[in-house]
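One structure below.
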């Protein structure tokens with residue numbers, strides 16, 4: 001069981017690293033879409049956090065209940081950040097659309 005957990009943790013850490021590098025590279029390449037990339041990055045982090053909770057729920061809640069509840073708190077904080085960023089993105093696009101309509 002310990003070997004399985006260590007392999008799982010290693011894979012999750014690699015996923016976080018790949019996600020972070022992809023986020024940085026995409027922001028550098030697509031500077032125009034920086035806000036949209038940030039929203040997508042936050043959504044992918046939420047999905048990865050939920051995967052951790054779902055895949056290892058029995059082991060985490062039995063062995064490390066404090067970590068499990070902190071992970072759930074992190075997911076809830078992630079929802080707040082995601083919806084805040086999404087709302088900001090929608091408002092920005094709406095104001096840009098109104099500004100272009102006003103110019104025409």
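Bear in mind these aren't lab numbers, they're just calculated from the coordinates by the rules spelled out. Quick caveat: nothing in here was measured; it's all calculated off a predicted structure. Here the Cβ positions follow ideal geometry from the backbone for every residue, glycine too, while neighbour counts run over all protein chains shown.
Given only helices, namely DSSP H runs of n ≥ 4 each adding -39500 (n - 2.57), what is the per-residue ellipticity at 222 nm of the chain, to the nearest 500 deg cm²/dmol?
Working: 4 runs with 96 residues, N = 104.
Theoretical 222 nm ellipticity from helices: -32500 deg cm²/dmol.
Report note on the peptides 40-46, 94-100, 14-20, 84-90: ranked by the mean count of other C-beta atoms within 10 Å, highest first, their order is 40-46, 84-90, 14-20, 94-100. The average projected area of the chain, computed from the convex hull of its Cα atoms over all directions, is 7.7 nm². Fully extending the segment from residue 101 to residue 53, taken as 0.36 nm per residue of separation minus the present Cα-Cα distance, adds 12.7 nm. Helix 34-55 axis versus longest C-alpha principal axis of the chain: approximately 20°, rounded to the nearest ten. Helix 65-103 and the longest principal axis of the C-alpha atoms of the chain enclose an angle of approximately 10°. In this structure, residue 89 and residue 14 have a Cβ-Cβ separation that, at R0 = 22 Å, corresponds to a calculated FRET efficiency of about 0.15.
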